[in-house]
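First comes the structure, then the notes that go with it.
Read the figures in this text as sums done on the coordinates, not as results from a lab. Model, not experiment: these values are computed from the prediction. Positions of Cβ are backbone-derived with ideal geometry, glycine not excepted, and every protein chain shown enters the neighbour counts.
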Amino acid sequence: MPYPHLLIVEDDELVQSLMGAYLRRDGFDVSLASTGKEMLAAIDSEPIDLVLLDLNLPDEDGLSLARQVRARSSLPIIVITARREKSYRIAALEIGADDYLTKPFDPDELVLRVRNLVGRSNGGDGPMPIQETHRFNGWEICIDSRSVLNPDGDNVSFTRAEFNLLAALVKAPNRVLTRTYLLDAVSHDADSPTERLIDVLISRIRKKIEPVPRRPQHIVTVVGCGYKFSPVVD
């Protein structure tokens with residue numbers, strides 16, 4: 001079986017190189033990114049099992065990136081940063097980061113934290129995490145393969161922005177999600193995204209998954225608040 005695939009997001013080439021060397025030595029498959037844009041592109045195009053994320057990146061703050069990733073998936077995230085203030089640690093954990101490590105760090109400790117988190121994500125049964133799949137009313141959405149199957153088992157085509165928005169809704173069933181929250185799921189899928197973009201994408205998704213798009217049963221509009229995904233999700 002393939003080894004767990006890690007994505008190191010770090011703009012300091014020396015730190016990036018050292019982290020990659022230690023983790024590869026321990027048997028992990030490692031990819032590298034130096035910017036937030038490269039990070040999101042890698043997550044969308046490769047089967048990543050865990051992200052090691054620096055907060056100080058040249059194009060976007062790491063906390064914002066962590067929030068965007070968490071809006072789309074439950075991909076494990078370890079924040080690695082020189083920021084030692086308690087407020088940053090709390091903010092990262094509130095957003096949904098799974099661990100927080102400050103620089104400088106002991107490489108052996110880094111490897112141990114990665115091992116432990118990958119193991120927890122996989123339930124301790126083998127090297128690869130179980131694929132994240134959600135089912136509702138006969139539909140199946142696989143976060144890892146970015147695929148959507150209708151009740152007949154046919155693959156339904158979604159744009160990247162549509163898929164990311166649907167994934168955010170499916171991962172929070174029966175919760176009202178504001179347009180501002182949903183923007184985090186698609187903010188890198190369009191130039192200068194606005195709340196109006198969310199409405200347009202919702203309309204497109206409804207045409208693909210709703211029996212009667214004009215009378216939606218799956219994605220319900222909550223006037224003045226946002227949208228709610230109403231089906232029971234397995």
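Hey, how much of the P(r) for the stretch 5-121 falls beyond 17 Å, as a percent of Cα pairs?
On the way: 3337 of 6786 pairs.
Roughly 49 percent, once rounded to a whole number.
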Helical contribution to [θ] at 222 nm, DSSP H n ≥ 4, -39,500 (n - 2.57), averaged over the chain, rounded to 500
-12000 deg cm²/dmol
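What order do you get for 161-171, 138-148, 211-221 when each peptide is scored by the mean count of other beta carbon atoms within 10 Å, highest first?
Descending mean neighbour count gives 161-171, 138-148, 211-221.
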What is the spin-label model distance, in nm, from residue 101 to residue 120 if the labels are put 7 Å beyond Cα along the C-beta direction?
1.4 nm
Relative contact order (percent, whole number), the stretch 14-71, Cα cutoff 8 Å, 6+ residue spacing:
25 percent
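Given a cut-off of under 8 Å on Cα pairs at least six residues apart, what relative contact order in percent is computed for the stretch 5-121? Display every interim value, and only then the final one.
Numbers: 176 pairs, mean separation 27.3, N = 117.
That works out to 23 percent.
Taking only C-alpha pairs under 8 Å that are 6+ residues apart, what is the relative contact order of the chain in percent? Mind showing how you got there, number by number?
Numbers: 382 pairs, mean separation 35.6, N = 234.
After rounding, I find 15 percent.
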In nanometres, the difference between 0.36 nm per residue of separation and the alpha-carbon distance of residue 108 and residue 17 is 31.2 nm
Under 5 Å, built H, 5+ apart or other chain: amide partners of residue 30:
6
Binning at 10 Å from 0, report for the chain what percent of all alpha-carbon pair distances ends up in each bin.
7, 31, 33, 20, 7, 1
